[in-house]
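The numbers here are math on the coordinates, done by the rules we state, and not lab data. This is a predicted model, so every value here is computed, not measured. Cβ atoms come from the backbone with ideal geometry, glycine included; neighbour counts cover every protein chain shown.
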Amino acid sequence: MSKRTKIVLDSDVIIHFIKGGQLPMIHTIFPEFQYVIIDTLLDEELRKYDSTKNYLDKYLNLFKGNIEVIEWNPNYEMTIELTLLTKKFGFGESVCMVFCKYNQDVIASSNIKDITEY
């Protein structure tokens, strides 16, 4: 069985879809991919605001399978790269970029300029 490529959602994309009232539709854009949020991004960036936390927690419970929460479990090289990237970019964006690089997945971010070069 072949691995399904993941679309790793950066917090800015999730917030934009929530504000637009369209988060339930996000998984339909490219249905052949698996949509994921990295757990550390969810905990450190998305759950720090009550309105986002409440919405996301309800969404993730009601629509299991549309967006999966996956564990951030970096190896040594990933940790070093994350440390270097966070000096230039935000934490969430850096975590997503490192995860995608080391897992050959795709990042969904509004910061195209920053992630394209990486």
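Odds and ends about this structure:
- Axial C-alpha extent at least 15 Å, average Kyte-Doolittle at least -0.5 - helices from the chain (DSSP): 91-103
- Charge context of Asn111, other residues only, Cβ under 9 angstrom, K/R +1, D/E -1: -3
- The convex hull defined by the C-alpha atoms of the chain has an orientation-averaged projected area of 7.7 nm².
- Taking the Cα centre of the chain as reference, the dipole from Cβ charges on Lys and Arg (+1) and Asp and Glu (-1) amounts to some 240 debye.
- The distance from the alpha carbon centre of the stretch 1-76 to that of the stretch 85-103 is 16 Å, rounded to a whole number.
- Full extension of the chain between Lys88 and Lys113 gives 7.7 nm of extra length, using 0.36 nm per residue less the Cα-Cα distance.
- Most mobile listed residue (Ser94, Ser11, Ser51) in the chain, GNM with C-alpha springs under 10 Å: Ser51
- The residues packed around Lys3, meaning those with a beta-carbon under 15 Å from its beta-carbon, carry a net charge of -1 if Lys and Arg are +1 and Asp and Glu are -1.
- Dipole orientation for the chain: of the candidates Thr86, Ile67, Cys96, Ile67 has the Cα lying most toward the positive pole (charges on Cβ; Lys, Arg +1; Asp, Glu -1).
- Inter-label distance, nm, simple model (7 Å from Cα along the C-beta direction), Lys19/Asn75: 3.8 nm
- The chain, relative contact order [Cα under 8 Å, separation at least 6], %: 37 percent
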